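Laboratory data are not the source of any read-out in this text; all were calculated from the coordinates shown. Computed from a predicted model, the values in this text were never measured in an experiment. Here the Cβ positions follow ideal geometry from the backbone for every residue, glycine too, while neighbour counts run over all protein chains shown.
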Amino acid sequence: MKFRPAMMIVLSLAAWPVMGQAESAEPPPFGGGGMPPPPSVREMLYVGRLLDSLPKAEREKLDALREKDPEAFGKKMMELAGPRQGLLKDSKQEKQLRELSNRYHAENDPGKRLALEKAIRAKTTAIFDQRVSEDKRRLEHMEAKLEELRGLQRKRSANRDVIIEGKVKELLSSPDARW
């Protein structure tokens, strides 16, 4: 099954805990009543891309886990996200940036607006630089992995005949003679 963004919305809502019978018609605010906030579109798209990158058998296992235990599914997805799991949550800096933006739009004093604009520019620059640094680190990791795979491919090409002969012998040997 191929996971797509629209499907991820459904999956995430299916994994979102269902509230018990509320006494009032108004649900508790997010973070209250043990109910987590809904996943963002960014989170759902990232999870969709992560799932698409997995082998079919692994996706099927995760789909079964999502059906059986949504909480365990969420934990497994966080494990799979690994060092990139920070992308699934807004950073403290981004939250501060939104707060500065809200204050800027609410402010009427031109002097205070100018100071807030400078703070927004500085915070935006810091966030951008952080993202560029993370992208560079990920690129270096991918280049190292690519070189590792190229080395493996070179070894397999050099040992082509030995590998093929070993596989043929394995396939032709008696099942009783196998380990």
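Details
- Length gained when the stretch HIS105-LYS155 is fully extended (0.36 nm per residue, less Cα-Cα span): 11.9 nm
- Listed by chain and number, the lysines whose alpha-carbon sits under 25 Å from that of LYS118, ignoring those within fewer than 8 places in the same chain, are LYS92, LYS95.
- Convex hull projection area averaged over all views, region 91-179, Cα basis, nm²: 10.8 nm²
- For VAL168, net neighbour charge (Lys/Arg +1, Asp/Glu -1) across residues whose Cβ lies under 13 Å away: 0
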